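Taking it in order: structure first as structure tokens, then the write-up.
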Amino acid sequence: CSTSKTSKLAYCIKGTFVHSTDSSPMEILQDHIMGVNSNGKIEFFENARKQVELAKKWRFSESDIRELGSHEFCMPGMVDTHIHASQYSFSGTALDLSLLDWLDKYTFPTERKYKEAEFAKTIYSSIVRRTLRNGTTTACYFATIYTDSSLLLAEIANNYGQRAFVGKVCMDINNCAANYKETTDESIAETERFIKEFLERKYCRVKPIITPRFAVSCSEELLQELGELAKIHGTHIQSHISEAVGEVESVKTLFPNYKHYTDVYDKSKLLTDKTVMAHGCYLSDEELAIFRERGAAISHCPNSNISLCSGHLDVRKVLKHKVKIGLGTDVAGGYCSSMLDAIRRAIDTSKVLYIQYELGSSHSNQQTMPTSKTFSIQKEKYTALSYKEAFRLATLGGSQALNIDDVTGNFQIGKEFDAILVSPCVPGGPFDVFADDTFEDVVQKFLNLGDDRNIKGVYVAGQQVVPLPNA
Ligand code: GUN
Ligand code: FE
């Protein structure tokens, strides 16, 4: 990756910017000007009052500035922390079974098709194009067990300019029905080859990620070897954990000598600060404390949790434990590849939990709640996620979960410019903006009602990647 030390200013953008910080889930900065340098990094980000001063310092003129329209805004690109690129072909279908049956009936037979490079190329190109159009600037992909077609996914993401992690899936037990599995030795040897060939290609923003499918599909030996490989190569790690009741029960039976599901991964050194585990609906406080200690993250995949009737993740509980968390589409368990959908489903899930916790129990609580001062410790009030908090999960939260928040996730100076240019008022668009709408209203409408028709441009490390070539 060529980044020169002496970077020049490449272009400026002027208008409204919306992003998250650690202290604020959503900042709306109107009338601001941002400079992006030739390395794709944010060089300055200031109130436009300073334009004359900045223009002198950075030697730009009015014609170097891209000025946004009155309702338009720039927001960070979204980070999909968990998506199965190989399942895109059947997304929107096959949602009638619960996890383990769904894997056997639909998923494993589909993933087998990726032995064929041509098939893989078609679907992988489609999902990379689709997610980019939807504003996903970073995607953390599961591919399949096949090394060569998994390498092809990495090449396609790189060619389209998406920031990505790509994992060759590992699974050596419990999948005989679909004839879709590898031996333990094959899985280890192929993962080593995958990492070696991947790193030889020296992609700037596409990285390999060690990918045991989940404990149900992996022997103890395989998990331990993968933990070793991750340590040797310093790679990221992804898998699934505590997604569904049947799966958790299976893990108890398969791994009787471990304390709990988290312990299975932890003992194999698979929980690190570069680990992202999907779902986590049934994790206990004790398990979350281990996540926090290891710096491991959770990918919240609400569409999938509902679609496969797996369960709900309580984001508040995860945040309380200070465990890193982002959002994932989990295509095709989740039927929608758009992170805007993940934002909406995360809010819906949180409201369902609010209904259960606060409304469902309030009647009986009111009758039994002691009023005496000696019993004044009240149950903490549950609040549903706000749209601003969900926005942060989809952007900064995701970058933290993938341990890339030093590079992307918001518009902090020095980070790479990964962004979406949103145009709320498009002819034939999905929603309307009225004169009395505040800017907050406009942003909220986009998050709740918007789609790719509102996404006029997508940038990764300063490079415009949408509109797509041959769109
Ligand atoms: N657990 C193991 N494999 C999968 C998968 O492909 N999708 C989901 N949602 N959960 C899994
Ligand atoms: Fe998944």
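Per-residue answers, yes or no, for (1) more than 27 Å from Phe291 (Cβ to Cβ); (2) touching a helix residue (DSSP H, G or I) at 6+ places or on another chain (Cβ under 6 Å):
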| residue | (1), (2) |
| --- | --- |
| Lys181 | yes, no |
| Ser187 | no, yes |
| Val206 | no, yes |
| Thr211 | no, no |
| Phe214 | no, no |
| Ser217 | no, no |
| Ala230 | no, no |
| Gly234 | no, no |
| His240 | no, no |
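Residues in segment 225-254 that are open to solvent by 70 Å² or more (accessible area, probe 1.4 Å), under 20 Å from Asn403 (Cα atoms) and in contact (Cβ under 8 Å) with a residue 24 or more places away in the chain: how many?
Total meeting the criteria: 3.
What do you reckon, is Ser307 within 16 Å of ligand 1 (Cβ to nearest atom), out of contact with any helix residue (DSSP H, G or I) (no Cβ under 7 Å at 6 or more places or on another chain) and open to solvent by less than 40 Å² (accessible area, probe 1.4 Å)? Spell out how you get there, then give the answer.
On the way: within 16 Å of ligand 1 (Cβ to nearest atom): yes; out of contact with any helix residue (DSSP H, G or I) (no Cβ under 7 Å at 6 or more places or on another chain): yes; open to solvent by less than 40 Å² (accessible area, probe 1.4 Å): yes.
Spelling it out, Ser307 is indeed within 16 Å of ligand 1 (Cβ to nearest atom), out of contact with any helix residue (DSSP H, G or I) (no Cβ under 7 Å at 6 or more places or on another chain) and open to solvent by less than 40 Å² (accessible area, probe 1.4 Å).
Just need a number here: residues in segment 409-422 that are in a loop (DSSP other than H, G, I, E, B) and either in contact with a Phe, Trp or Tyr (Cβ under 9 Å, 6 or more places away or on another chain) or more than 23 Å from Glu67 (Cβ to Cβ) (or both).
Start the filter on segment 409-422 by keeping residues that are in a loop (DSSP other than H, G, I, E, B), which leaves 409-415, 417-418.
The next check asks that each one be either in contact with a Phe, Trp or Tyr (Cβ under 9 Å, 6 or more places away or on another chain) or more than 23 Å from Glu67 (Cβ to Cβ) (or both); those that pass are 409, 411-414, 417-418.
So the count comes out to 7.
Please tell me if Val245 is β-branched (Val, Ile, Thr) and within 14 Å of ligand 1 (Cβ to nearest atom). Before the answer, list the steps.
On the way: β-branched (Val, Ile, Thr): yes; within 14 Å of ligand 1 (Cβ to nearest atom): yes.
Yes.
Any idea which of (1) farther than 15 Å from Ala143 by Cα; (2) open to solvent by 10 Å² or more (accessible area, probe 1.4 Å); (3) more than 12 Å from ligand 1 (Cβ to nearest atom); (4) more than 24 Å from the chain's Cα centre (by Cα) is the one Leu222 doesn't satisfy?
It fails just one condition, (2).
Which residue pairs have Cβ atoms closer than 8 Å, lie 6 or more positions apart in sequence or on different chains, and pair a first residue in segment 283-301 that is more than 20 Å from His84 (Cβ to Cβ) and open to solvent by 40 Å² or more (accessible area, probe 1.4 Å) with a second residue that is more than 16 Å from ligand 1 (Cβ to nearest atom) and not in a loop (DSSP other than H, G, I, E, B)?
Cβ pairs passing all conditions: Asp285/Lys317; Arg294/Asp266.
Need pairs with beta-carbon distance below 9 Å; first residue of a type in the set (Phe, Trp, Tyr) and within segment 325-338, second open to solvent by less than 10 Å² (accessible area, probe 1.4 Å) and within 9 Å of ligand 1 (Cβ to nearest atom); sequence gap 6+ or separate chains.
Once the first residue is of a type in the set (Phe, Trp, Tyr) and sits in segment 325-338, its partners that are open to solvent by less than 10 Å² (accessible area, probe 1.4 Å) and within 9 Å of ligand 1 (Cβ to nearest atom) give Tyr335/Ser304.
Counting only residues that are surrounded by fewer than 16 Cβ atoms within 10 Å (Cβ to Cβ) and under 23 Å from the mean Cα position of the chain (by Cα), which one in segment 87-120 is nearest to Thr275 (Cα to Cα)?
Ser98
All but one of (1) surrounded by 24 or more Cβ atoms within 10 Å (Cβ to Cβ); (2) closer than 26 Å to Leu421 by Cβ; (3) within 15 Å of ligand 2 (Cβ to nearest atom); (4) not hydrophobic (A, V, I, L, M, F, W, C) hold for His84; state the number of the condition that does not hold.
Of everything listed in (1) surrounded by 24 or more Cβ atoms within 10 Å (Cβ to Cβ); (2) closer than 26 Å to Leu421 by Cβ; (3) within 15 Å of ligand 2 (Cβ to nearest atom); (4) not hydrophobic (A, V, I, L, M, F, W, C), His84 misses just condition (2).
Within segment 69-100, track down each residue that is over 30 Å from Lys415 (Cα atoms), more than 11 Å from ligand 1 (Cβ to nearest atom) and among the small types (Gly, Ala, Ser).
Of everything in segment 69-100, those that are over 30 Å from Lys415 (Cα atoms), more than 11 Å from ligand 1 (Cβ to nearest atom) and among the small types (Gly, Ala, Ser) turn out to be Ser89, Ser91, Gly92, Ala94.
The values are calculated or read from the model by the stated rules, or taken from the named source; none is laboratory data. The structure presented is a predicted model; accordingly, all values stated were derived computationally and were not measured. Glycine also receives a Cβ, built like all others from the backbone with ideal geometry; neighbour counts cover every protein chain displayed. All accessible areas refer to the heavy atoms of the entire protein, side chains included, with ligands and DNA or RNA removed. Shrake-Rupley method; radii C 1.70, N 1.55, O 1.52, S 1.80 Å.
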